[in-house]
Every structure is written in C-alpha cells, then in structure tokens.
Amino acid sequence: SLPEALRLAADLAEKNAQLEKHRDALAIDASAFKRIADADGLCCISEAAKALQMGPNELFKRLSAERWIFRRVSGANWTAHQRVIDAGLMAHKLAPMADGRQVSQAMLTAKGMARLATLLEAEKVAA
C-alpha cells in the first residue's frame with residue numbers, strides 16, 4: 001500500500017543519512033591515520049609498545065615472530081630485517097651508551113607503527 005511504501009522510503013532515507021554520517025566519520029579517521037603514518041620520526045620498540053597498549057616483551061616477541069627483527073647472537077641488540085627497513089617500517093639509529101660507545105638500535109617508523117596498529121586491530125575484529 002502507499003502508506004507502507006512511504007514509511008519504507010522514509011526509513012531508508014533515515015538509514016542512508018546515518019550511513020553517510022558514519023562514512024564521513026570514518027573518512028576523518030582514515031585521514032588522521034594517514035597523517036600519522038606519513039609522519040617523520042622514529043620510535044623505540046618499548047615506546048611503541050606503550051602506544052599500542054601492549055607490553056614491550058610482547059611486542060619484541062611479536063616482531064621477532066613476524067620476522068621484523070632478529071638477534072645476530074644471543075644477548076645482542078635486536079636488528080631489523082632489511083626487507084622491513086626497505087619497506088619503510090623500521091630503521092636503525094645510533095644510540096649513545098653510558099660508557100661512550102654507540103650502538104645501533106632498531107626503531108619503528110610512523111609507517112611501521114601504523115602497520116602494526118592495523119594488524120592488531122584486524123586481529124581484534126577477527127577474534
């Protein structure tokens with residue numbers, strides 16, 4: 001009947017308006033996320049763990065399991081795999097030690113942080 005068809009049209013128009021608002025909010029989120037991913041700067045893995053709301057040991061284990069980082073010998077500093085560096089997800093920085101030595105420290109780039117955040121969110125949704 002005509003009244004039912006009009007009610008259905010009104011309901012669909014309302015639903016469409018809600019979806020458009022939601023799409024606009026997602027576009028803003030995506031834009032902000034891209035701005036973060038494109039930012040300059042490096043973050044040590046321990047600080048990245050805090051930002052990703054996980055423990056540092058958990059993140060080191062995760063990065064090692066995903067083959068982003070490795071140790072050359074037991075007890076040595078973590079080293080980023082070259083493919084991860086080439087992808088712009090990680091970099092190395094010389095860090096000064098208290099005794100005056102300089103050691104290479106694996107660091108996450110903003111792009112790497114964004115990729116990890118995306119992977120973690122995808123796992124949450126899938127769970």
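The values are calculated or read from the model by the stated rules, or taken from the named source; none is laboratory data. The structure presented is a predicted model; accordingly, all values stated were derived computationally and were not measured. Here Cβ is always computed from backbone atoms with ideal geometry, including for glycine, and neighbour counts include all displayed protein chains. Heads up: the accessible areas ignore ligands, DNA and RNA and are worked out on the full protein's heavy atoms, side chains in. Shrake-Rupley method; radii C 1.70, N 1.55, O 1.52, S 1.80 Å.
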- Please work out if SER1 is modelled with pLDDT under 90 and more than 23 Å from the chain's Cα centre (by Cα). yes
- Note on the structure: Only one of (1) more than 15 Å from the chain's Cα centre (by Cα); (2) at negative phi does not apply to GLY100, and that is (2)
- Item | Enumeration of residues in region 101-117 that are open to solvent by 50 Å² or more (accessible area, probe 1.4 Å) and either of a type in the set (Asp, Glu) or closer than 19 Å to ALA51 by Cβ (or both) | GLN105, LYS111, ARG115
- Task: Only one of these is open to solvent by 60 Å² or more (accessible area, probe 1.4 Å), more than 16 Å from ALA48 (Cα to Cα) and either in contact (Cβ under 8 Å) with a residue 12 or more places away in the chain or of a type outside the set (D, E, K, R) (or both): ALA98, ALA87. Name it.
- Result: ALA98
- Since ALA37 meets every condition but one in (1) surrounded by 12 or more Cβ atoms within 10 Å (Cβ to Cβ); (2) in contact with a helix residue (DSSP H, G or I) (Cβ under 8 Å, 6 or more places away or on another chain); (3) at pLDDT 90 or above, which condition does it not meet? (3)
